[in-house]
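Q: Once you've had a glance at the structure underneath, I'll fire off some questions.
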Amino acid sequence: MSSLYPFSVNSQSINQEQTILLKLKQGLNNPPALSSWNNSPGSNHCNWIGVTCRDNSITELKLNNITIANKIPPFICDLKNLTHVDFSYNNIPGEFPTVFYNCSKLQFLDISQNRFIGPIPADISRLSTTLEYLSLQANNFSGNVPASLGNLPALKQLYLIQNQFNGTFAAREIGNLSNLEELSIGFNNFLPWSIPKEFGQLKKLWYLRMDVTNLMGEIPVELGELVDLEQLDLSTNNLTGKLPDNLFY
């Protein structure tokens with residue numbers, strides 16, 4: 001994934017990072033998949049499973065599908081150069097992990113396919129302003145999708161599909177995300193809502209999935225102004241009227 005932001009490394013010693021990783025492993029209840037994470041002589045943490053380094057500093061943690069069932073420890077962002085974090089396909093419980101507010105360089109966050117519950121916090125915009133990819137799909141999040149999501153200016157991909165949202169969807173604010181390329185919110189029982197004309201501002205959008213989301217009313221003509229749009233799913237809703245003449249032309 002290409003980034004809008006250049007990468008710069010904060011100075012953090014190899015020993016410091018290795019210590020944090022070992023503490024993280026313990027906090028995650030020592031998953032067997034992380035057996036390579038140990039401080040044996042000559043062990044280089046940049047070669048450990050799920051760890052990617054740049055300039056000898058950890059930038060990525062890919063800890064997906066390794067049967068994690070503990071909450072994410074608060075000190076994960078002590079790894080000062082983290083840009084990518086993937087905890088998808090685990091069994092992580094609890095509410096949205098606000099611990100990631102402290103990862104100041106975060107560009108990619110995937111916590112899909114877990115057991116998260118409760119609302120998305122209203123202050124989710126405290127995530128890094130460099131965040132480009134956010135996937136919360138296939139959890140049990142509920143309540144509203146807050147307006148503050150519209151204050152993550154670098155966001156390119158947003159996946160909220162297959163949750164238990166039953167409140168409002170901040171559609172107008174999401175329409176302000178001028179860099180958004182993919183939006184997937186299907187299979188959520190939102191309160192009845194309509195597609196706002198602000199979606200016509202999402203000029204980079206090529207993928208839009210809003211099936212089974214309790215949509216009502218007409219499809220605004222502004223949606224037809226999205227010249228990059230390639231995939232659109234509005235099925236199983238209560239939409240009325242005709243398709244905009246310029247849609248997909």
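Laboratory data are not the source of any read-out in this text; all were calculated from the coordinates shown. Keep in mind it's a predicted model, so treat the numbers as computed, not measured. Using ideal geometry, Cβ is built from the backbone for each residue, glycine included, and neighbour counts are taken over all protein chains shown.
Q: Can you list residues from other chains, or at least 5 along the same chain, whose modelled amide H is less than 5 Å from the amide H of Ile219?
A: Residues meeting the criterion, in which the H sits 1.01 Å from N, are Thr240.
Q: Through the Karplus equation 6.51 cos²θ - 1.76 cosθ + 1.60, θ set to phi - 60°, convert the phi angles of the range 76-86 into ³J(HN,Hα) values in whole Hz; use x for Gly and Pro.
A: Residue by residue, the range 76-86 yields 4, 7, 5, 7, 5, 10, 5, 10, 10, 9, 10 Hz.
Q: With +1 on each Lys and Arg Cβ and -1 on each Asp and Glu Cβ, how big is the dipole of the chain about its Cα centre, in debye rounded to the nearest 20? All intermediate terms of the calculation are to be shown ahead of the outcome.
A: Details: 16 positive and 21 negative charges, 145 e Å.
Dipole magnitude for the chain comes out near 700 debye.
Q: Roughly how many whole Å is it from the C-alpha centroid of the range 122-191 to that of the range 86-118?
A: 14
Q: Kindly identify the range 10-95 as rounded, prolate or oblate by the Cα gyration tensor criterion: order the square roots of the eigenvalues as a ≥ b ≥ c, call it rounded if a/c is under 1.5, otherwise compare a/b with b/c, prolate if a/b is larger, else oblate.
A: Taking the square roots of the gyration eigenvalues as a ≥ b ≥ c, the range 10-95 is prolate.
Q: Could you grab the relative contact order for the chain? Cα pairs under 8 Å, six or more apart, rounded to a whole percent.
A: Relative contact order of the chain: 10 percent.
Q: Using only Cα atoms, find the angle between the long axis of helix 14-27 and the longest principal axis of the chain, and express it within 0 to 90 degrees, rounded to the nearest 10.
A: 70
Q: Above 19 Å lies some portion of the pair distances; for the range 1-145, what is it as a whole percent of all C-alpha pairs?
A: 51
Q: Would you be so kind as to identify which of Leu155, Asn140, Leu202 lies farthest towards the positive end of the dipole of the range 72-215, taking Lys and Arg as +1 and Asp and Glu as -1 on Cβ and the Cα centre as origin?
A: Selected residue: Leu202.
Q: Can I ask one more? How big is the Rg/Rh ratio for the range 112-249, C-alpha atoms only, Rh by Kirkwood, two decimals?
A: Rounded to two decimals, Rg over Rh is 0.94.
Q: If you don't mind, there's one more thing I want to ask. Around Ser104, with a cut-off of 11 angstrom between Cβ atoms, what is the net charge of the other residues, counting Lys and Arg +1 and Asp and Glu -1?
A: Every neighbour counted, the sum reads +3.
Q: Order of Phe108, Phe165 from fewest to most other C-beta atoms within 10 Å?
A: Ordered by Cβ neighbours within 10 Å, fewest first: Phe108, Phe165.
Q: Quick one: net charge around Ile124, please, counting Lys, Arg +1 and Asp, Glu -1 for every other residue with C-beta under 14 Å from its C-beta.
A: Taking every other residue near Ile124 into account, the sum is -2.
Q: Further question on the same structure: Which percent, to the nearest 5, of DSSP beta bridges fully inside the range 51-240 are antiparallel?
A: If I count the DSSP bridges inside the range 51-240, around 10 percent turn out antiparallel.
Q: Quick one: grab the alpha carbon gyration tensor of the chain, order the square roots of its eigenvalues as a ≥ b ≥ c, and give me rounded if a/c is under 1.5, else prolate or oblate depending on whether a/b is larger than b/c.
A: Verdict is prolate for the chain.
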